[in-house]
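Asker: Just dropping this structure here.
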Amino acid sequence: KEGVVLGICMWGMFVSQTVGLMYTKASNSGFITGMYILFIPLLNLTIFRKKLQKIKIISIFISLAGIYFLTGGVNSFNKGDFLTLITALFFALHILVADFYMKKERDIFVITFQQFAVTSILSFILALIIGYDFSIKDIKSAESILYLALFPTVLAFIIQMQAQKHLSPFKIGALFALEPIFALIMAVCFGGEILKISSLFGGILIVAGIILSE
């Protein structure tokens, strides 16, 4: 049941974000996805009845402000933004459920395999119903799929499961808030993007929020 619950959360997270990106801008998606950091304490209070210290609540809003400056915020709300909001909700839920199970010393590799198996099955069923084409067009596409599957997905979630044995869900969420900073660094170093003052300020706020929370 652990793998099924986590798999449903993961599937909801991946599908809602991917489909949402068809209708909204990447900057909107980045900011709205980052709202999971706000959903973590709200869901933790609602589901597990765990309250958060005031200093951590303040740090959440500082980090959210940082994500706003880093991504540019939301310009206009559409159905893609709504779907991405569901992504943030599933993301927060996944972190909390994983925390609950990993604190019970579940096997990391078994639970990772199970949740990806559930995600895969549900995705195949949805793709078949919609009628998506499963063919891979060229070698470059195959290499991209293989890389994305192994490193930022499977390996990243194995590391997350291991970390959640030792860290609180709030700390995991706060550290995940560094993701847009790493994305910005990659974009500047390898994508040829120009570093904006607002983005730099946003990164400083995110780091400040994490330091304050600790």
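Asker: Rg(Cα) of segment 103-191 divided by 2.2 N^0.38 Å? List each step's numbers first, then the result.
Answerer: Working: Rg = 16.5 Å, N = 89, 2.2 N^0.38 = 12.1 Å.
Taking N as the residue count of segment 103-191, the ratio is 1.36.
Asker: So what does SER120 come to for accessible area, using a 1.4 Å probe and Å² rounded to 10?
Answerer: Surface accessible to solvent at SER120 totals approximately 50 Å².
Asker: I want the local charge near GLN53. Using Cβ-Cβ distances under 14 Å, sum +1 for each Lys or Arg and -1 for each Asp or Glu among the other residues.
Answerer: Details: positive: LYS50, LYS51, LYS54, LYS56, LYS171; negative: GLU214.
Counting the neighbours of GLN53, the net charge comes to +4.
Asker: Sequence neighbours fewer than 8 away in the same chain don't count; with that in mind, list the aspartates and glutamates whose C-alpha is under 16 Å from LYS56.
Answerer: LYS56 reaches GLU214.
Asker: So which lysines pass the test for LYS51, namely a Cα distance under 30 Å, with those fewer than 8 places away in the same chain ruled out?
Answerer: LYS1, LYS103, LYS104, LYS165, LYS171
Asker: Pull out the extension gain between LYS137 and LEU195, defined as 0.36 nm times the separation in residues minus the alpha carbon to alpha carbon distance; nm, one decimal.
Answerer: Value of the extension gain: 17.4 nm.
Asker: Binning every alpha carbon pair distance of the chain at 10 Å from zero, what are the percents per bin?
Answerer: The distribution over the chain is 8, 30, 38, 21, 4, 0, given as percents.
Asker: When the helices in the chain are scored as -39500 (n - 2.57) per DSSP H run of 4 or longer and the sum is shared across all residues, what 222 nm value do you end up with, to the nearest 500 deg cm²/dmol? Walk me through the intermediate numbers first.
Answerer: Numbers: 11 runs with 161 residues, N = 214.
When only DSSP H runs of four or more count, the value is -24500 deg cm²/dmol.
Asker: Lys/Arg Cβ at +1, Asp/Glu Cβ at -1, dipole of segment 115-213 taken about the Cα centre: which of GLY173, GLY131, VAL118 is farthest positive-ward?
Answerer: Positive-most Cα among the choices belongs to GLY173.
Asker: For LYS25, list the aspartates and glutamates whose Cα falls under 15 Å from its own Cα; do not include residues on the same chain fewer than 8 positions away.
Answerer: Here the aspartates and glutamates satisfying the reach criterion relative to LYS25 are ASP81.
Asker: On a 1.4 Å probe surface of the protein chains, which of LEU150, LEU6 comes out largest in accessible area, and what is the full order? Each step should come with its number before you reach the end.
Answerer: Numbers: LEU150 90, LEU6 0 Å².
Ranked list, largest accessible area first: LEU150, LEU6.
Asker: For PRO41, what charge total do you get from the other residues with a beta carbon under 10 Å from its beta carbon, if Lys and Arg give +1 and Asp and Glu give -1?
Answerer: Working: positive: LYS50, LYS51, LYS56; negative: none.
Spelling it out: positives minus negatives among the neighbours equals +3.
Asker: Another one. With all pairs of different alpha carbon atoms counted, what Kirkwood hydrodynamic radius in Å does segment 33-127 show?
Answerer: 15.5 Å
The values are calculated or read from the model by the stated rules, or taken from the named source; none is laboratory data. Every value quoted in this text rests on a predicted model; they were computed, and no experiment measured them. Methodologically, a virtual Cβ is constructed for each residue, glycine included, from the backbone with ideal geometry; neighbour enumeration extends over all protein chains shown. Accessible surface areas use protein heavy atoms only, side chains included; no ligands, DNA or RNA. Shrake-Rupley method; radii C 1.70, N 1.55, O 1.52, S 1.80 Å.
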